1. How do the helices (runs of 4 or more DSSP H) wholly within segment 80-167 filter down when requiring 1 or more residues that are polar (S, T, N, Q) and either modelled with pLDDT under 95 or surrounded by 15 or more Cβ atoms within 10 Å (Cβ to Cβ) (or both): which remain?
2. Tell me the residue from ALA585, ALA578 that is of a type in the set (A, V, I, L, M), buried (at least 23 other Cβ atoms within 10 Å of the Cβ) and in contact (Cβ under 8 Å) with a residue 60 or more places away in the chain, please.
3. Which of the residues spanning segment 357-389 are in a loop (DSSP other than H, G, I, E, B) and modelled with pLDDT under 95?
4. Does segment 520-542 hold any residues that are in a strand (DSSP E or B) and of a type in the set (Phe, Trp, Tyr), and which are they?
5. Return the only residue of ALA245, ALA224, ALA293 being surrounded by 15 or more Cβ atoms within 10 Å (Cβ to Cβ), over 29 Å from GLN370 (Cα atoms) and without any contact (Cβ under 8 Å) to a residue 60 or more places away in the chain.
6. Enumerate the pairs (first residue in segment 18-41 and among the small types (Gly, Ala, Ser); second residue anywhere and in a helix (DSSP H, G or I)) with beta-carbon separation below 7 Å, excluding pairs fewer than 6 apart on the same chain, so at least 6 apart or on different chains.
7. Across segment 249-273, which residue is nearest to TRP638 (Cα to Cα) among those that are among the polar types (S, T, N, Q), in contact (Cβ under 8 Å) with a residue 24 or more places away in the chain and part of a loop (DSSP other than H, G, I, E, B)?
8. Scan segment 298-347 for residues that are without any contact (Cβ under 8 Å) to a residue 12 or more places away in the chain and outside any helix (DSSP H, G or I) and report the count.
Amino acid sequence: MKVDYLFSKRFAVLLGFSKWFLLFSLLLRILFLIWQLNDVNLSIISFFRILGTGFLFDIGVLSFLYVISCLYVVLIPQKWIGKPLDKLFIYSGTAFSILIFVFTFFAEITFWEEFKCRFNFVAVDYLIYTFEVIQNIHESYPLYILIPTMFLISGIIFYYFHKKELFSKAFNSELSFKNRLVSLIISILIMLFYVFFITNSEAEWSKNRYNNEISKAGIYSFFAELRNNKLDFKTFYTAISDEEAFQLLRTNLKEDNSQFLTEGFSIKRKISDSINSNKKPNVVFILMESMSASFMSRYGNKKNITPFLDSIAKQGLVFNNLYATGNRTVRGMEAVTLSIPPTPGQSIIKRPNNDNLYTISNVFKDKGYQCNFFYGGDGYFDNMNAFYGGNGFDIYDRGRGSILSDAIKTTRNNIEDNEVTFENAWGICDEDIYAKMIKVADEYDKKRKPFLNFIMTTSNHRPYTYPNNKIDIPSGSGRDGAVKYSDFAIQQLFKVAKNKPWFKNTIFVFVADHCASSAGKDEIDVKNYQIPAIVYGNQFIKPQEIAKLCSQIDVFPTIFGQLNWSYTSNFFGTNVLAKNYKERALMGTYLKLAHKKADQINILSNQKINSSYIWNSVSNHLKPIPLNQSKIKETISWYQVADYLYLNSKLK
């Protein structure tokens with residue numbers, strides 16, 4: 001007895017599409033293998049494991065397409081097969097699907113160029129912030145070539161289907177309702193198998209990150225991240241009792257000059273300085289976009305693209321061994337503003353119930369400061385306005401009509417057109433945002449009101465464009481130019497600020513939000529988390545170099561220590577210059593959570609998998625070592641407590 005089902009001629013176009021998709025996916029996977037040839041762990045076994053795992057996920061992508069196609073085949077009456085309406089649906093559906101998939105393949109290549117991975121939660125975010133993303137693509141890539149090329153490739157594939165008479169087979173084939181229904185049921189069962197049993201983490205089979213990423217399918221990864229944009233720590237990670245977690249962390253946070261205010265599930269404590277100074281310098285805090293430590297001469301760069309920052313470093317307090325908590329801007333913001341390790345999944349800045357938290361603004365406002373947040377783009381992006389507006393900052397941004405919630409009691413100020421000399425997809429150039437900050441600083445200085453001006457820069461970001469004739473590297477030519485322009489803009493800021501009456505009473509802080517790239521072959525590419533941090537203020541800050549291992553979360557607690565402030569802390573960060581400071585760094589990706597002490601790194605992964613490594617700083621390589629359960633528990637305590645405090649509204 002002949003079985004038609006999914007292999008009937010009625011499905012000729014779908015089968016042809018499947019063969020084309022599998023071929024192109026294979027070619028894309030081979031392209032990425034060649035691209036990262038020096039980084040992948042490529043043996044014969046791993047090569048076929050990559051291709052085999054990739055094929056599994058590609059079938060998963062097709063299973064969803066089969067359900068849609070089979071549903072159409074079931075619903076259309078037999079008498080309409082091959083008629084104009086049937087032809088319209090199949091022709092247009094096929095053409096549209098080919099174009100979408102071709103576009104996806106192109107998008108995967110550009111995404112890999114930027115992030116060295118398949119689509120992840122960043123791609124999900126980019127779907128939300130369409131204006132910035134479309135503008136960035138327009139300014140970064142030759143769309144006049146790419147778009148016609150995509151249409152040309154799609155047209156060739158469509159013509160090939162026609163030439164092979166796939167359409168005529170579909171239009172001249174009948175299939176009984178029973179067989180059509182069986183086809184739909186089979187496709188649904190396959191799709192449900194993927195939905196419930198095949199997670200994206202099934203591709204995490206290798207210790208080499210590139211092997212895992214190439215094994216994935218971009219479309220499958222995208223929808224997996226869309227579905228799992230939030231991760232509950234205790235569900236996905238190895239956990240210990242909350243009592244033990246808090247006990248371990250409170251031991252790590254204990255300082256000679258601190259006293260916990262409550263027992264149990266809290267880290268809130270009173271920091272008491274013996275001097276308890278009344279010093280109230282202004283603070284200009286600059287969170288620099290993608291400013292890796294490796295760009296600076298003091299960390300070994302030979303291109304001299306940060307001459308001003310290198311000169312300032314010699315005159316200020318410099319953190320020589322400081323690491324970012326994550327690989328995105330919101331992670332850097334979260335770390336310095338909340339002084340908290342990265343919680344799994346989305347940053348707190350983008351999660352609900354993130355207003356009225358205990359942030360650095362509470363410390364400054366208790367001292368009588370005005371807190372302002374400056375961003376050269378639309379602060380709607382990455383939920384920045386809502387977060388900073390809901391946590392004590394007045395907003396200055398380049399808004400395009402987005403508004404703050406009525407529940408957020410703050411002031412929002414637009415950066416006007418006459419204040420802008422240059423603008424790209426991500427916002428106004430660094431010189432312009434500094435000029436706006438200086439105007440606001442002048443206003444509060446006249447009111448004799450100390451201020452914290454928090455600036456997020458944008459110039460060191462693809463498409464790497466900036467005003468012409470400012471530096472000796474042409475605008476839009478690459479990362480080096482963007483870095484050098486960012487450094488130049490800071491120099492111009494100082495030239496203007498030095499003539500202001502508030503300059504001598506001001507501390508300038510320069511910290512990167514994250515590195516330009518954090519991708520590597522290991523689970524955590526440690527070197528690509530090292531960032532510069534410089535605190536400059538001759539009246540208040542003694543120049544010195546800090547060699548101790550530390551984190552972004554320690555920047556403000558260290559500054560508060562330098563100012564001899566007594567304050568309430570709900571922070572995970574501590575004063576690096578305190579006598580009993582315990583060296584460590586915390587860093588993570590969307591799924592991986594790491595704890596570094598000396599050269600040992602413990603990593604927590606979803607699926608409750610834990611790993612321990614020794615880091616070789618010369619080769620930047622992680623060597624596996626046996627698990628030490630006490631150190632794993634210490635690692636767990638940092639992240640479990642952070643997750644607990646947020647979920648139970650104890651960061652308020």
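1. Result: 84-115, 130-140, 143-163.
2. Numbers: ALA578 fails: buried (at least 23 other Cβ atoms within 10 Å of the Cβ).
Answer to the selection: ALA585.
3. Filtering segment 357-389 down to residues in a loop (DSSP other than H, G, I, E, B) leaves 357-359, 367-369, 376-380.
Correct list: GLY376, GLY377, ASP378, GLY379, TYR380.
4. We begin by selecting, within segment 520-542, every residue in a strand (DSSP E or B); these are 530, 533-536.
Passing the criteria: only TYR536.
5. Numbers: ALA245 fails: without any contact (Cβ under 8 Å) to a residue 60 or more places away in the chain; ALA293 fails: without any contact (Cβ under 8 Å) to a residue 60 or more places away in the chain.
From the options ALA245, ALA224, ALA293, the qualifying one is ALA224.
6. Every condition considered, the pairs that remain are SER18/LEU62; SER25/GLY54; SER25/ASP58.
7. Residues of segment 249-273 among the polar types (S, T, N, Q): 251-252, 257-259, 262, 266, 272.
Retained after the next criterion (residues that are in contact (Cβ under 8 Å) with a residue 24 or more places away in the chain): 252, 257-258, 266, 272.
Narrowing the set further to residues that are part of a loop (DSSP other than H, G, I, E, B) leaves 257, 266, 272.
Details: ASN257: 21, SER266: 13, SER272: 23 Å.
The qualifying residue nearest to TRP638 (Cα to Cα) is SER266.
8. Step one: filter segment 298-347 for residues without any contact (Cβ under 8 Å) to a residue 12 or more places away in the chain, giving 300-302, 304, 311.
Right, trim to outside any helix (DSSP H, G or I) and you get 300-302, 304.
Within segment 298-347, residues that are without any contact (Cβ under 8 Å) to a residue 12 or more places away in the chain and outside any helix (DSSP H, G or I) number 4.
The values are calculated or read from the model by the stated rules, or taken from the named source; none is laboratory data. Quick caveat, the model's predicted, so the values are computed rather than measured. Using ideal geometry, Cβ is built from the backbone for each residue, glycine included, and neighbour counts are taken over all protein chains shown.
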